[in-house]
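Take a look at the structure set out below.
The values are calculated or read from the model by the stated rules, or taken from the named source; none is laboratory data. This structure is a prediction, so every number in the text was calculated from the model and none was measured. Cβ placement follows ideal geometry from the backbone for every residue including glycine, while neighbour counts extend to all protein chains displayed. We work out accessible area using only protein heavy atoms, side chains counted, and drop any ligands, DNA or RNA first. Shrake-Rupley method; radii C 1.70, N 1.55, O 1.52, S 1.80 Å.
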Amino acid sequence: MILPPPPDRRSFVTSLATASALAWSGLWSSAAVAQSGRSGRNLPAEQFVQVEGQNMFSVLSDRSLGDAAKQAAFRRLIDRVADLQRISGFVLGKYARAISPAQRQQFNTVFRTYVQGLYQTYLANFRGDQLRVTGSTARSPTDTIVNTVIDGAADGRALPVAWRVLGSPGSFKVVDVQASGVWLAITLQQDFVSTIDNARGDIGVLIARLQSGD
Amino acid sequence: MSRLNDPNAQARPASRSAVLPVALTVGVIVAVLAVLPAWSHAPAAGDMTAVSAPADPWAGFNRRAFKFNAFLDRAVIGPVARVYKRVTPAPVRKGVGNIVSNLREPSTAINGLVQGRPKLTIRAVARFVANSTVGVLGIFDVAGRAGLEREHADFGQTLGRYGVSNGPYLYLPVVGPTTLRDGLGGVVNTLIDPISLATGGPATDFAAGRVVVRGVDARADADEALRTINEDSTDPYATTRSAYLQHRAAVVRESTGEIEALPDFDEPVNVPPSPDEFSPIPPADAPTPLVQGPGS
């Protein structure tokens with residue numbers, strides 16, 4: 001997929017360095033948490049999404065990377081930023097308790113590859129390259145919705161995207177992403193549960209389909 | 001001859017004989033929709049429980065319509081939309097999209113009024129006036145650039161604002177995904193649309209052209225999303241249903257200001273089975289009940 005060149009792209013390395021610096025700095029986060037309590041926002045979570053979300057779009061729009069390098073860089077990012085273990089349990093819905101440990105292990109492996117590719121396609125479809133945080137809603141101390149806008153798409157439209165972040169400063173993880181009111185993980189859950197239902201509860205059918213890329 | 005082609009037609013005010021059937025139709029549809037809350041399969045939280053099992057009692061019919069539309073899309077609609085996208089420069093496509101969108105502003109203004117959202121109505125009127133004049137018949141979204149952001153409203157959303165639930169999910173041939181509420185709301189929306197009324201109603205060449213242009217434009221916009229669904233979903237029907245219902249729930253929340261109820265990621269979601277989910281897909285020749293009562 002050809003992506004438009006970013007007008008002011010921060011390099012991936014710079015972004016990673018920024019993220020590391022933020023992770024090591026406890027000063028800003030304690031002040032920000034105190035402010036979050038007053039405003040209903042979660043500023044550390046906002047900062048996390050600003051940095052890591054921007055990293056994702058920077059990788060996707062980086063024309064200096066070949067397809068394989070881009071895919072590898074993006075997958076490393078997803079591994080670090082998203083809570084794949086938690087997402088893989090969630091997307092199984094009512095079948096999460098029914099699955100055997102062996103199947104669960106098999107599913108987790110297949111799902112990881114699948115969702116890494118899916119996130120890449122999903123975010124690349126936005127065709128933007130600049131992420132702006134516009135606010136957040138702290139649903140609980142460890143569950144925050146961070147609202148962002150993706151700028152830089154060829155048609156000039158700014159696209160609102162929300163990120164669901166669990167955890168606290170230093171351990172934040174993304175568990176879901178929403179655009180146009182549609183949450184990715186919730187949609188995956190309904191997709192997967194329907195597939196298993198239609199296979200009369202056989203989770204192996206879902207695993208086989210994910211493996212074969214059907 | 002359509003009314004649009006009749007040079008005298010546009011100057012004529014709508015006669016009482018034309019208004020009465022419209023009013024009756026709208027009245028009947030609203031009366032039907034009034035019983036939807038009792039039909040809902042959703043819990044008391046209504047649209048907010050995004051991962052509860054969707055009310056899809058007509059899944060057999062819906063899945064067949066989905067297959068039909070997939071065929072139609074592969075054979076006709078998709079190629080037309082892709083050719084349109086390929087041969088039309090992006091600024092022209094954007095202009096066409098703006099025109100289509102601008103023609104929805106009067107309807108948004110009316111729905112804003114019915115929803116008790118005067119700011120939305122004023123903004124829609126201001127946008128329509130500015131974009132239709134300075135924006136050259138809506139080609140340029142000058143109002144948007146001036147800070148008057150686009151926000152559409154429709155009658156399905158209006159019903160949702162007043163507590164009418166989705167009702168059963170419905171996937172129609174050619175039309176695509178909807179619900180009983182949104183489908184009937186769409187009919188009302190067409191009947192009360194000022195642009196439609198001013199140009200002779202929904203049976204004119206203008207109205208047909210508007211539908212086609214809007215459809216092709218929307219299909220071209222959705223090309224990548226549809227490709228993602230078809231290539232990456234394990235059950236594209238369920239994915240489409242989920243995405244549509246979530247999107248519409250978000251549209252209704254825009255009008256109510258409610259905060260979305262989200263599932264807990266720590267625990268697997270405990271959802272009751274829907275008729276669709278515990279039975280295999282019915283064979284194509286199986287009879288499909290078109291109407292089912294509450295609780296079916």
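Observations, loosely collected:
- Model label sites at A:Gln103 and B:Ala225, defined 7 Å from Cα along the beta-carbon direction, differ in position by 3.3 nm.
- Expressed as a whole percent, the accessible surface of segment B:119-243 that belongs to carbon and sulfur atoms is 68, based on a 1.4 Å probe.
- Each chain gives up part of its surface: B and A jointly bury about 3400 Å² of accessible area, both sides summed, for a 1.4 Å probe.
- Three principal axis lengths of segment B:45-141 [C-alpha, angstrom, descending]: 48, 45, 19
- Efficiency of FRET between A:Thr137 and A:Ser168 - r from beta-carbon atoms, R0 25 angstrom, step 0.05: 0.95
- Surrounding net charge for B:Val100, when Lys and Arg each add one and Asp and Glu each subtract one, Cβ distance under 10 Å: +2
- Diffusion coefficient (Stokes-Einstein, Kirkwood radius over C-alpha pairs, 25 °C, 0.890 mPa s) for segment A:123-185: 200 µm²/s, rounded to a whole number.
- Taking N as the residue count of segment B:207-249, its C-alpha radius of gyration divided by 2.2 N^0.38 Å amounts to 1.36.
- Within segment A:83-214: Cβ-based charge dipole about Cα centre, in debye rounded to nearest 20 (Lys, Arg +1; Asp, Glu -1): 300
- Rounded FRET efficiency, nearest 0.05, which uses the C-beta distance separating B:Thr133 from B:Ala90 and R0 of 35 Å: 0.90
- For segment A:30-181, the C-alpha radius of gyration divided by 2.2 N^0.38 Å, with N the number of residues, is 1.10.
- Distance (nanometres) between label positions extended 7 Å along Cα→Cβ at B:Val212 and B:Ala261: 4.5
- Net charge, A:Arg80 excluded, C-beta distance under 11 Å - Lys, Arg +1, Asp, Glu -1: 0
- Relative contact order, percent, segment B:154-210 [alpha-carbon distance under 8 Å, six or more residues apart]: 28
- Cross-link pairs exceeding 32 Å between alpha carbons, from the set A:Lys94/A:Lys173; B:Lys67/B:Lys119; A:Lys94/B:Lys67; A:Lys70/A:Lys173: B:Lys67/B:Lys119.
- Using a probe of 1.4 angstrom and keeping all protein chains present, the accessible surface of segment A:44-86 works out to 37 square angstrom per residue.
- Gain on full extension, evaluated as 0.36 nm per residue between B:Val187 and B:Arg74 minus their Cα-Cα distance, stands at 37.9 nm.
- For segment B:50-91, dividing the convex hull volume of the Cα atoms by the residue count gives 105 Å³ per residue.
- Cα principal axis extents for segment B:101-220, largest first, Å: 42, 33, 28
- Chymotrypsin sites (Phe, Trp or Tyr not before Pro) restricted to DSSP loop in segment B:121-230 with at most 16 other C-beta within 10 Å: B:Tyr162
- Share of pairwise Cα separations in segment A:94-214, more than 21 Å, in percent: 50
- Minimum 50 Å² accessible area buried by the other protein chains, segment B:239-256 residues, probe 1.4 Å, relative to alone: B:Gln246
- Nearest-20 debye value, segment B:147-238 charge dipole, Cβ charges on Lys, Arg, Asp, Glu: 380
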